[in-house]
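So the structure is just underneath, and the comments pick up after that.
Every number here is computed from the coordinates shown, using simple stated rules; none is lab data. Computed from a prediction, not measured in an experiment: that's the story for all the values here. Cβ placement follows ideal geometry from the backbone for every residue including glycine, while neighbour counts extend to all protein chains displayed.
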Amino acid sequence: MSKTIIVSNRLPVKISNDEGSLSFSSSEGGLATGLGSIYQDNNNIWIGWPGLEIGDPGQQQEVIENLQSRKLLPVFLTQEEISEYYEGFSNEILWPIFHYYASTYTNYQQSNWDFYQSVNKKFSDAVLSIVEAGDTIWIHDYQLLLLPGMIRARQPKVTIGFFLHIPFPSYEMFRLIPWRAELLEGMLGADLVGFHTYDDVQHFINAVVRILPHNSSSNVITVKDRPVVAEAFPMGIDDQKYASLPERPEVQEQITHLKENFLNQKVILSVDRLDYSKGILQRLMAFEQLLALYPEYVEKIVLYMIVVPSRDAVPQYKELRNEIDKRVGNINSLYRTMDWTPIHYFYRSFPIETLSALYNMAHVGLVTPMRDGMNLVSKEFVASKTENTGVLILSEMAGASKELLDALIVNPNNIGEIIQAIVTALNMPEEEQKNRMEQMRLVVSQFNVFHWVKVYMDKLAEVKELQKSMQSRNVDSVVAKRIRSNYLAAKKRILFLDYDGTLVGFNANINKATPDLDLYDIIKRLVQDEKNKVVVISGRDYKKLEEWFGNTGVHMISEHGAWQRSKDQPWESIRGLNDQWKEDIFPILKTYVDRTPGAFIEEKSFSLVWHYRKAQNGLGELRSNELINNLAYLTKDRGLQLLPGNKVIEIKNIEVNKGKAALGCLYSDDYDFVLAIGDDDTDEDIFKALPETAYTIKVGSTVSAAAYYLRSPNEVRNFLRELSEPV
Ligand code: GDG
């Protein structure tokens with residue numbers, strides 16, 4: 001029976017070592033809760049680091065045995081590995097860059113990278129030691145970016161999901177990393193790459209297409225024929241748990257106690273792991289200025305601030321902790337009165353019951369990270385508000401702000417805005433609080449962590465299906481043989497061959513994409529066979545086709561069907577076509593040429609083409625979108641069609657299309673073997689027009705109406721060569 005293997009840096013377990021005697025307890029983070037339903041079922045398993053260094057082989061064995069019963073498999077790391085791979089590479093390079101904290105002083109240490117690779121390899125070995133055909137592997141977070149690729153290299157068919165819990169930065173940040181290409185290749189070993197937000201997905205795809213030689217079509221990246229999907233799956237929480245906790249007597253007791261303690265005071269709650277990305281210092285600054293600007297709040301509000309210790313071996317975190325201590329001390333000493341302390345600050349973690357009591361009774365949840373992948377605290381606060389009162393202030397830099405639209409959304413760098421939001425929150429009428437909170441509770445409950453796991457896993461299965469159907473469409477040797485045997489058996493054959501991108505590769509200079517001797521040789525062989533009618537069907541103008549193929553004996557269709565020339569006949573155009581419209585469209589295209597260095601216009605007899613292959617990456621796409629919008633109405637009125645192709649936009653008469661032209665040829669005789677090969681949108685018209693019995697082949701393994709695909713013009717040539725091989 002197939003199983004699911006979860007992999008994350010840390011296992012959901014706490015092990016403490018008391019002078020050599022180990023004790024185990026489970027640590028229920030958000031991830032463990034969500035995945036609990038998966039990894040504790042059947043023979044599923046979770047792989048990760050147990051959280052402390054265990055060098056002694058006897059003790060390692062003890063850990064393995066104990067964890068086995070919890071369905072956990074440990075990967076042991078040495079102190080050196082922890083400090084280089086985890087503290088060094090993960091937390092001093094990836095974490096800051098992914099949270100937009102890169103600085104000129106970032107130290108890209110080679111040894112950190114070496115260990116990052118070797119520890120990812122260790123994880124890969126652990127996975128490979130238990131993985132079997134048919135298993136699903138779900139890998140989590142930035143510590144294991146290389147792992148999907150490493151596993152894929154050894155187990156090409158296995159199902160791999162990857163989820164990034166932190167933001168994926170914009171290309172401009174990501175490109176700074178010396179090992180950016182390797183990191184992306186590692187992630188692309190997965191079949192489905194998940195992020196919290198749509199922006200993260202866009203940043204990732206953008207980085208991939210700029211850094212690696214892969215193509216993408218919307219959110220599908222094709223990696224050596226394997227479609228990899230990147231998509232947003234905003235992570236949720238176990239909302240029911242947080243909604244029901246306040247009903248428990250021990251939580252009730254704490255709520256009552258807290259309310260008594262803060263009688264006549266409004267509690268502003270702040271809960272984070274110690275991290276510079278959480279905006280703790282900025283929050284303190286806002287609170288201090290609030291007290292200075294609004295002295296009426298003295299003795300009326302308190303900031304209840306929990307900071308959970310984290311990564312204290314990293315120097316920046318130690319410094320941050322000291323700085324927070326200092327600031328809190330300053331503010332308290334400045335504003336404290338005999339009966340009141342403005343900030344209640346705790347540098348430690350609390351049991352979930354205490355957290356729940358605080359979430360439930362606080363008036364304001366103040367969540368202002370500078371950057372946060374999602375931020376679960378904000379969702380836990382909302383879920384705990386069983387009476388729908390209270391106000392959430394949320395940073396727009398947290399992924400959660402894309403869902404919790406009824407929070408007071410602030411820019412965490414704008415201290416004035418945070419202060420105003422606190423004032424608004426403290427004075428918000430109860431009805432408005434309820435309206436907002438109800439809406440947010442709905443979102444948190446609908447998109448809870450179980451929903452998150454389900455939609456992720458469903459999508460992963462769907463991607464695998466997509467890959468399977470792609471695979472069956474590849475013209476491999478078996479398919480090629482089948483096509484050839486039908487070819488040999490046929491009496492009359494017609495072959496539609498597109499030119500650019502199909503018989504030859506693309507060239508930045510369109511006039512340089514000329515046929516070579518090898519291509520002429522293939523065409524000659526095909527034409528020599530009397531059973532064949534070879535049709536070169538292209539968007540090129542007829543003069544160019546005449547120059548290149550005039551003497552080869554092929555049938556030529558140019559400008560997508562506007563012109564045709566049968567063997568030994570003159571060129572003929574479709575009757576009744578007009579080109580008056582060019583006068584109106586040309587000047588518009590010209591303005592886009594003037595604004596886009598590298599772009600140019602090609603004029604054909606019945607169409608105009610705006611080319612942007614040589615334009616700056618990104619700018620060309622932007623301009624082409626603008627152009628399409630600009631021309632949309634104009635073209636409709638004039639019976640024209642806008643055809644976006646490979647780095648081109650063609651404007652032509654709507655009645656001209658390759659599909660119609662191909663059908664015209666097809667019905668001129670009784671063909672019992674029909675083949676069409678093409679690479680772009682204009683060829684899709686041929687694929688769609690031909691009968692189902694035709695062999696339709698797309699160049700490039702992307703979504704298409706064609707039944708089969710080949711990867712490149714090179715493969716097309718090999719295929720045609722073998723097809724026409726003498727028996
Ligand atoms: C990363 C991403 C993303 C906090 N104090 C206590 C305590 N907590 C729990 C909270 C919450 C969790 O810790 C913190 O989760 P966050 O999501 O807020 O932040 P990160 O730890 O940075 O998590 C983040 C997340 O991964 C998931 O993908 O949202 O953006 O940075 O669950 O309740 N729990 C207990 N005592 C405490 O004192 N028991």
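Return the FRET efficiency for the residue pair HIS344, GLN68: r is the Cβ-Cβ distance, R0 is 41 Å, and the value is rounded to the nearest 0.05.
0.45
Quick one: work out the % antiparallel among DSSP beta bridges in the chain, nearest 5. Please report the intermediate quantities before stating the final value.
Values: 33 of 101 bridges.
If we restrict to bridges inside the chain, about 35 percent are antiparallel.
Using the Cα centre of segment 239-445 as the reference point, and only Cβ charges (+1 on K/R, -1 on D/E), how large is the resulting charge dipole? Debye, rounded to the nearest 20. All intermediate terms of the calculation are to be shown ahead of the outcome.
On the way: 22 positive and 27 negative charges, 102 e Å.
Approximately 480 debye in magnitude.
Cut-off under 19 Å on the C-alpha distance; same-chain residues fewer than 8 positions from LYS688 excluded. Which aspartates and glutamates are left, in chain and number order?
ASP498, GLU559, GLU655, ASP672, ASP679, ASP680
So for segment 4-232: antiparallel DSSP bridges make up what percent, rounded to the nearest 5?
About 35 percent, rounded to the nearest 5.
Under 17 Å from a point 7 Å along the Cα-to-Cβ line of TYR520: which residues of segment 498-512 have their amide N that close?
Counting only backbone N, you get 504, 512.
What size of dipole, in debye to the nearest 20, comes out for segment 4-232 about its Cα centre when the only charges are +1 on Lys and Arg C-beta atoms and -1 on Asp and Glu C-beta atoms?
Rounded to the nearest 20 debye, it is 760 debye.
Rounded, prolate or oblate for segment 239-445? Axes are the square roots of the Cα gyration tensor eigenvalues, ordered a ≥ b ≥ c, and the cut-off for rounded is a/c under 1.5.
Since a/c stays below 1.5, the shape of segment 239-445 is classed as rounded.
Counting GluC sites (Glu not before Pro) as exposed when in a DSSP loop with at most 10 other beta carbons within 10 Å, what is the longest stretch of the chain free of them?
20-529
Once both axes come from the Cα atoms, what is the angle between helix 57-69 and the longest principal axis of the chain, in degrees from 0 to 90, rounded to 10?
80 degrees
With contacts defined as alpha carbon pairs under 8 Å and 6 or more residues apart, what's the relative contact order of segment 382-523 in percent? It would help to have the intermediate numbers written out before the result.
Values: 83 pairs, mean separation 25.7, N = 142.
The normalised contact order for segment 382-523 reaches 18 percent.
What is the magnitude of the charge dipole of the chain about its Cα centre, with +1 placed on the Cβ of each Lys and Arg, -1 on the Cβ of each Asp and Glu, and no other charges, expressed in debye to the nearest 20?
1740 debye
Suppose the chain between TYR198 and LYS688 were pulled fully straight at 0.36 nm per residue; how much longer would it get relative to their current alpha carbon spacing?
173.1 nm
Would you work out if the chain is rounded, prolate or oblate? Take a ≥ b ≥ c from the square roots of the eigenvalues of the alpha-carbon gyration tensor; rounded if a/c is under 1.5, else prolate when a/b is larger than b/c, oblate otherwise.
Details: a/c = 2.79, a/b = 1.91, b/c = 1.46.
Taking the square roots of the gyration eigenvalues as a ≥ b ≥ c, the chain is prolate.
By how many nm would the segment from ASN511 to GLN569 grow when fully extended, if each residue of separation counts as 0.36 nm and the alpha-carbon distance is taken off? Kindly include the intermediate steps, with their values, before the conclusion.
Working: separation 58, 0.36 × 58 = 20.88 nm, distance 2.53 nm.
That works out to 18.3 nm of additional length.
Taking a threshold of 28 Å on the Cα-Cα distance, which of the pairs LYS71/LYS241; LYS71/LYS464; LYS241/LYS278; LYS582/LYS698; LYS531/LYS698; LYS491/LYS567 fall above it?
Pairs exceeding 28 Å: LYS582/LYS698.
To the nearest 10 degrees, how steeply does helix 280-293 sit against the main Cα axis of the chain, on a 0 to 90 scale?
60 degrees
Set Lys and Arg Cβ to +1 and Asp and Glu Cβ to -1, take the dipole of the chain about its Cα centre, and tell me which of ASN551, ASN630, ILE221 lies farthest positive.
ASN551
Within a 10 angstrom radius of the beta carbon, how do HIS560, HIS344, HIS140 rank from fewest other beta carbons to most?
Values: HIS560 27, HIS344 16, HIS140 22.
Least crowded to most crowded, the residues run HIS344, HIS140, HIS560.
Restricting to DSSP loop positions (anything but H, G, I, E, B) with no more than 11 other Cβ atoms inside 10 Å of their own Cβ, which trypsin sites (Lys or Arg not before Pro) remain in segment 449-495? Intermediate results must be reported in sequence, preceding the final value.
On the way: sites: LYS454, LYS459, LYS464, LYS468, ARG473, LYS481, ARG482, ARG484, LYS491, LYS492, ARG493; in loops: LYS491, LYS492.
Of the trypsin sites (Lys or Arg not before Pro), the ones in loops of segment 449-495 whose Cβ has at most 11 other Cβ atoms within 10 Å are LYS491.
Take the alpha-carbon centre of segment 300-371, take the same for segment 7-81, and report the distance between them in whole Å.
Between the Cα centre of segment 300-371 and that of segment 7-81, the gap is 30 Å.
When SER124, SER668 are ordered from fewest to most other Cβ atoms inside 10 Å of their Cβ, what list results? Show your work: numbers first, answer last.
Numbers: SER124 25, SER668 12.
With the fewest neighbours first, SER124, SER668 line up as SER668, SER124.
Starting from the Cα-Cα distance between LYS224 and GLN40, subtract it from 0.36 nm times their residue separation and give me the gain in nm to one decimal.
62.8 nm
Can you pull the semi-axes for segment 290-356, root of five times each eigenvalue of the Cα gyration tensor, sorted largest first, whole Å?
Details: eigenvalues 129, 56, 15 Å².
Working through the eigenvalues yields semi-axes of 25, 17, 9 Å.
Just to verify a number: FRET efficiency for GLU253 and TYR294, C-beta to C-beta distance, R0 = 35 Å, to 0.05?
Given R0 = 35 Å and the Cβ-Cβ separation, E is 0.60.
Taking the number of other C-beta atoms within 10 Å as the exposure measure, put TRP46, TRP452 in order starting with the fewest. Don't skip to the answer; put the middle values down first.
Working: TRP46 27, TRP452 21.
If I rank by nearby Cβ atoms, fewest first, I get TRP452, TRP46.
Please determine, in degrees from 0 to 90 and to the nearest 10, the orientation of helix 249-261 with respect to the longest principal axis defined by the Cα atoms of the chain, where the helix direction is its Cα long axis.
Around 70 degrees separate the two axes.
Counting other C-beta atoms within 10 Å, and keeping those with at most 13, which DSSP coil trypsin sites (Lys or Arg not before Pro) do you find in segment 592-621?
ARG595
Along the charge dipole of the chain, which of TYR85, VAL271, TYR345 sits closest to the positive end, that is, farthest toward it, with unit charges on the beta carbon of Lys, Arg, Asp and Glu (+1, +1, -1, -1)?
About the Cα centre, the residue reaching furthest to the positive side is TYR85.
Can you tell me how segment 54-196 classifies by the Cα gyration tensor, rounded, prolate or oblate, using a/c under 1.5 as the rounded cut?
oblate
Tell me which of MET305, VAL391, MET370 sits at the most positive position along the dipole axis of segment 239-445, charges placed on C-beta atoms (Lys, Arg +1; Asp, Glu -1).
MET370
Residues with amide H under 5 Å of ILE137's amide H, sequence separation 5 or more or different chain, H placed in the peptide plane at 1.01 Å from N; which?
Those lying under 5 Å, H to H, from ILE137 are ILE5, THR159, ILE160, GLY161.
Provide the FRET efficiency to the nearest 0.05 for the ALA232-GLU583 pair, computing r from the beta carbons and using R0 = 60 Å.
It comes to 0.85.
For segment 650-727 and segment 200-268, what is the separation of their C-alpha centers, rounded to whole Å?
46 Å
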